[in-house]
1. Cross-link candidates for Lys169: which aspartates and glutamates have Cα within less than 16 Å, leaving aside residues fewer than 8 places away along the same chain?
2. If you count, for each residue, the other Cβ atoms within 10 Å and average over each peptide, how do 118-125, 96-103, 68-75 line up from highest to lowest?
3. Tell me whether region 10-64 comes out rounded, prolate or oblate; compute the Cα gyration tensor, take square roots of the eigenvalues as a ≥ b ≥ c, and use a/c under 1.5 as the rounded threshold.
4. So what is the relative contact order of region 1-131, in percent, for Cα pairs below 8 Å that sit 6 or more residues apart?
5. Starting from the amide H of Asp62, placed 1.01 Å from N in the peptide plane, find each other amide H under 5 Å away whose residue is 5 or more places distant or on another chain.
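Laboratory data are not the source of any read-out in this text; all were calculated from the coordinates shown. Keep in mind the model is a prediction, meaning the values are calculated, not measured. With ideal geometry, Cβ positions are generated from the backbone for all residues, glycine too; neighbour counts draw on all protein chains shown.
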Amino acid sequence: HAIAEVMEQVVGFLISQAMTDNHIVREAACQCIAELAKRLEPQVVSAHVTPFLNALIVAFRDESWPVRDAVSIACADLTVAHPELCAGRIPEMIPFWYSALVDPVWSLRETAAISLATMLKVHKEFLDPVKAKLQELLPRYQSQPCESADDNRVQFGVAKNKREEAKRKRDNDPSLHEQQQTFSCG
């Protein structure tokens, strides 16, 4: 990849953008970090995992929920691509995922669940504590009001579809994208 030749500059730029004043830019920077983790060879990204995680863990506290949503995915993707390098930081990430699991924003809950499951694929040592916490959190989730009738279609159980498949279904649903008001949610 040509990006490997300018990786230092890319990393510096993405980290600076993950902390900029514009929430849309912060979200995009986190999405870019996730893409780099998934698409580039591990040896290209490995030297930059620590700075990426430092920026992402700060961004987990962002007041903009779309940023937190992107951070959740980016942390999971980095963890899968670099399990050994991320292992020591997982205890810092897990509380943010737990918090997102009971957030009023349904997409944060969904992304946190997918991200936790993704992380557990490579770090099974966290399975028992995560299961225990999920059993504790489930009553809080069940007591939340649904945002719409469509939100009642949540299915419990092990996630069978990948995040990309779920996204593809939402992306191709005209009822979610046509004749809707456009606004910034962050």
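1. The qualifying aspartates and glutamates are Glu110, Asp150, Asp151, Glu178.
2. Numbers: 118-125: 16.0, 96-103: 19.0, 68-75: 27.5.
Ranking the peptides 118-125, 96-103, 68-75 by packing returns 68-75, 96-103, 118-125.
3. Working: a/c = 2.12, a/b = 1.83, b/c = 1.16.
Because a/c hits 1.5 or more and a/b exceeds b/c, region 10-64 counts as prolate.
4. Numbers: 148 pairs, mean separation 28.5, N = 131.
So the answer I get is 22 percent.
5. none
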